[in-house]
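Reading through the structure tokens given below for one structure.
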Amino acid sequence: MLRTLLHKTLLTAIVILLGGWAVVAQHNVVKGTALSFKAEENPAIDYRWEIYNVDSGTTINLVSNTHISEEYTFNVSGNYQVKVYPVDKVSRCLGEPLILAVTVAGAPPTIIFDDLSTPYVCSANNGVNPRAEIACTVNYTGPLPWTFKYSVDREPAVMPDGANEIWTSTFDFVVEIRNTTGKKSRSEIMIVEAQSISGLEVVENIDDHRVEIDVLGLPDTKFLEFEPSVMAGTLQSYKANILRHDPDITPSSPASSKRYEIFVPDGATVLNENTKLLADELHSELTFDIQWGDELGAKQVKLIEKNGFNCYGDTIFADINVIETFLVDLGADKDICKGSEVILSPTINMDGTFTYLWSTGETTESINVSKDGNYTLTVTETNLSKSSSASVRVNVLDLPEVDLGEDYELADGEVKTLDAGVDGTYLWSTGETTRTIDVDRSALYFVTVTGANGCEASDEINITSVNDVFAIELGDDIVACVNDEVILNPNPTITQNYTYLWSNGLTTQTISIKESGIYSVVVTDDANNVKRDEINVSFNALPIVDLGADRNIYEGETLTLDAGVTGATYLWSTGETSQTITISEAGDYTVTVTNGNGCSNTGQVKVIKKEGQKFTVDLGTEIEICEGDRAYLEPTIDRDIEATYKWIPGESTDKGIYVDKKGKYCVEVSDEFGNKETACVDIVINASPIVDLGDDINLEAGETAILDAGNEDSFFEWSTGAIEQTIEVSTAGKYSVAVTSPKSCIGRDEVEVFFPQGEDFYGCPSGFTPNGDGNNDVLYVRGNNIKKLTFIIYNRGGQKIFQSNRQDVGWDGTYKGQLQRMDTYVYFLSVTFDNGTSAQKRDEVTLVN
């Protein structure tokens, strides 16, 4: 290797030559490095170069007498001085030398990454999380000081604190890795850009410079919708999605049993915590209330959750503004056209229990307004007796004054001009859009005029002719109740033959109507004289009256019957006229309800007298068990009775039963008076993990086996202590695993690994693939009970290209840093076992790349 060093200070040194030269910085190289040296050229002098070995005291003179030396190879490690003397060309006087110190290391620096003390850590969160800290140690061999950076999953490199100039051979640092996938993920930490401060780069070695670790996923905690503004002193409810949480763990349970913590500001209190399992069965809904104090301003509610490995997730925040009172808004002023109405409804910036008082005297939340004026609403929060008001103006705009005049009869051959009579835009029944139209035949003509303020008005006129021979009349618009029979008849004024065509397609003189709408009819006589009329028919709905299913009443008990329709009139079979009545006797009860449209409907219920006292039965709603387990069902009864039981299915009469199959189970409980109550519960069977490690395994020398428990996203516990889904084994014995599913159901299996050649065996695989894919990249010696070994690889030419004396150091397929070609190689293996016996083997191995 040839390097050229340019001493930029040499010109200054030459200028100072008579007073003595300055000394430049030290340089560090590796044994075997070839260097030449260069000083700034001065035509008045010659140069004398020499290499001085400080350790041995020997000097080597270089041939060159120019400002550039010839190349010199440093083959021996140690400390050197490169000296260049200026020699005056005239006087041949020798000046003081310029000296460059060179340190030659015996080998390039190396770094080894210590194995991590734990196989997995928690993910870094948005706060301080000691369980996410990965304690790392690297060991350095080479010139001091040194420096390095690290990269996580090939991301941009980061320099640890204090690593810019390290004066020790061992350096400890901490790494945190964030995992937001929600699942466990494998991450890589790799040492990069490692070198001595003097510039010697560390020899790259992937195996020594990287470690892997499993990073557990962050809980995906999040707040659901909440009210951002609350009034001081109020109770507000909040919801959040958290990981599946055991519903038996309550706020009174020990803090260590809960996997979440709620933090509220001083003066606020958390109440009524509860969790409910969601449909995905992996998450729960957390609900809680906060009793807010009197302090006003911006506040935060904080929630932090930990998973089953005690890993804390991100702290999530709900920003709350605590206000003294609430604000009411009725919006901007409203414009409406005369004859129409607008709904006034408030917007309130917080939840609460409110009452309403309008300036009109109305007490509903919303009102319908059709009159011009200012409207004020006062809203009162009933729990705190605090009020807030808002006002809005409603402007009623005038309609265009449209008047087509009285109905008119045309003389024979007459043409009449119809005038809408007001400025605006126009739409006539004929499709014309002018202010006036000319008509010369009988018809019902109408026009809609839209004024400049956007309000519309219409008028119509019936034009007849002296040539008309009959008239029709459907009468005034009809308002009826649903189920009323409405018959429409045009009632021609002359008795003769007619044809009829109704707007619904019927051709009879009369039609029966069941639906609301505008109905028209065209009547034609034999002379083709045509008359048309229309009518609007509206059906108002009947009140919906439902007194419910027949009821039981017990001794001393009263029942309230509710007609269920507000703002109506009522007539009960008891003679009472209120919406609700209270009864204490058995019998048949009916009520007739008449709504504001005059439409009536009737409901009835039968009340049956029962002896004894009312009781209730409860089995819960749903019970989950694992496959192969069973659940005990026993009803809870809210009072002491002489109970008998009947279970369905199964017909058991025991107080409680054991069940191990999914489905709905019901129990009918009867008291001593024959009164019966029923409760049901759903049994859900969660499947246990199916674990199959396969048949027992026979391994040859040098082979390993991968045992896979399957069931991704479960928790694993191997007899070896491992907690991963798969493990690699190379020794004989029985291996078992217990797999726990997210539903906490457990599956197990066991497999035995044999070595037919016996416990003391040794050897190598027949081939390997050093292609960097992480599978079978290195050729290792395999075997049991090996105390020491010698492992040598030869190429086809008989050249030794690899040797190892450790079982954990294998051949990566390279020689002097170069990957060897695909070929068959010979290996020699000599081992000594723990019992003192020895063995040797010579065989071939194939490198595939």
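Identify all lysines with a Cα-Cα distance to residue 610 below 27 Å; exclude those on the same chain that are fewer than 8 residues away in sequence.
Straight-line reach from residue 610, under 27 Å: 646, 655, 676.
Quantify how much of the Cα-Cα distance distribution of region 415-505 extends past 14 Å, in percent.
75
Among the GluC sites (Glu not before Pro) in region 393-431, which ones are in a DSSP loop with at most 10 other Cβ atoms within 10 Å of the Cβ? Mind listing them?
406
Could you tell me whether region 295-451 comes out rounded, prolate or oblate from its Cα gyration tensor? Rule is a ≥ b ≥ c as square roots of the eigenvalues, rounded for a/c under 1.5, then prolate if a/b exceeds b/c, otherwise oblate.
Prolate, because a/c is 1.5 or more and a/b exceeds b/c.
Could you pull out every one of the lysines with an alpha carbon less than 21 Å from that of residue 531, ignoring same-chain neighbours closer than 8 positions?
List returned: 416.
Could you run the Karplus curve 6.51 cos²θ - 1.76 cosθ + 1.60 with θ = phi - 60° over region 766-772 and give me ³J(HN,Hα) per residue in whole Hz, x for Gly and Pro?
7, x, 7, 10, x, 9, x
Run the simple label-point estimate for residue 508 and residue 398 please: 7 Å along Cα→C-beta, distance reported in nm.
Each label point lies 7 Å from its Cα, and together they span 5.1 nm.
Please compute the contact order of region 626-748 in relative form: average sequence separation of alpha-carbon pairs under 8 Å and at least six residues apart, divided by the residue count, as a percent.
20
When the Debye formula is applied to the Cα atoms of region 371-435, each taken as the same point scatterer, what base-10 log of I(q)/I(0) results at q = 0.12, 0.19, 0.22, 0.25 Å⁻¹?
Scattering profile of region 371-435, log10 relative to I(0): -0.60, -0.91, -1.02, -1.12.
In vacuum, with every alpha carbon of region 15-146 counted as one equal point scatterer, what does the Debye formula give for log10 I(q)/I(0) at q = 0.18, 0.21 Å⁻¹? Two decimals, please.
One equal scatterer on each Cα of region 15-146 leads to -1.01, -1.22.
Using every alpha carbon pair in region 569-695, what percent of pairs falls into each 10 Å bin from 0 up to the bin containing the largest distance?
Here the calculated profile for region 569-695 is 10, 26, 18, 18, 16, 7, 2, 1, 0.
How would you classify region 715-849 from its alpha-carbon gyration tensor, with a ≥ b ≥ c the square roots of the eigenvalues: rounded for a/c under 1.5, else prolate if a/b is greater than b/c, otherwise oblate?
Oblate is the answer for region 715-849, as a/c is 1.5 or above yet b/c matches or exceeds a/b.
Could you name the lysines in cross-link range of residue 788, using Cα to Cα under 30 Å and dropping any fewer than eight places away on the same chain?
Correct list for residue 788: 734, 800, 816, 841.
Set the Förster radius R0 to 45 Å, insert the Cβ-Cβ distance between residue 315 and residue 734 as r into 1/(1 + (r/R0)^6), and round the FRET efficiency to 0.05. Could you put the intermediate results ahead of the total?
Working: r = 46 Å, r/R0 = 1.02.
Approximately 0.45, to the nearest 0.05.
Please report how far the C-alpha centroid of region 555-594 lies from that of region 266-335, rounded to the nearest whole angstrom.
The two parts, judged by their Cα centres, are 44 Å apart.
With Cβ to Cβ distances under 9 Å as the rule, what net charge do the other residues near residue 713 carry (K, R +1; D, E -1)?
With Lys, Arg at +1 and Asp, Glu at -1, the neighbours total +1.
How would you classify region 584-623 from its alpha-carbon gyration tensor, with a ≥ b ≥ c the square roots of the eigenvalues: rounded for a/c under 1.5, else prolate if a/b is greater than b/c, otherwise oblate?
oblate
In whole Hz and in residue order, list the ³J(HN,Hα) couplings for region 809-820 that follow from phi through the Karplus curve 6.51 cos²θ - 1.76 cosθ + 1.60, θ = phi - 60°; x for Gly and Pro.
10, x, 8, 8, x, 10, 9, 6, x, 9, 5, 7
Roughly speaking, what is the centre-to-centre gap between region 778-849 and region 683-728 when only Cα atoms are used, to the nearest Å?
First find each Cα centre; the distance between them is then 31 Å.
If amide H atoms are built 1.01 Å from N in the plane of the peptide, which residues on other chains or at least 5 residues away come under 5 Å of the amide H of residue 691?
748
So what J values fall out for region 605-611 if you push phi through Karplus, 6.51 cos²θ - 1.76 cosθ + 1.60 with θ = phi - 60°, rounded to Hz, Gly and Pro as x?
In residue order, the calculated couplings are 8, 9, 10, 10, 7, 10, 7 Hz.
Rounded to a whole number, what is D in µm²/s for the chain from Stokes-Einstein with the Kirkwood radius over alpha-carbon pairs (20 °C, 1.002 mPa s)?
This corresponds to a translational diffusion coefficient of 53 µm²/s.
Quick one: of 184/302; 258/302; 149/183, which pairs are farther than 23 Å apart, Cα to Cα?
In this structure, 184/302; 149/183 exceed 23 Å between Cα atoms.
What relative contact order, as a whole-number percentage, does the chain give when Cα pairs under 8 Å and 6 or more residues apart are counted?
The normalised contact order for the chain reaches 4 percent.
Across 5 Å bins from 0, what is the distribution of all Cα-Cα pair distances for region 73-127, in whole percents?
Once binned at 5 Å, the Cα pair distances of region 73-127 give 4, 12, 10, 10, 9, 9, 7, 6, 6, 7, 6, 4, 3, 3, 3, 1.
Could you pull the Rg and Dmax for region 645-790, using just the Cα atoms, both in Å?
Spelled out, the Cα radius of gyration and Dmax of region 645-790 are 26.4, 93 Å.
A short reminder: the numbers here are calculations on the coordinates, not readings from a lab. Since the structure is predicted, the reported quantities are computational estimates derived from the model, not experimental observations. Ideal geometry is used to build each Cβ from the backbone, glycine not excepted, and the neighbour counts take in all protein chains shown.
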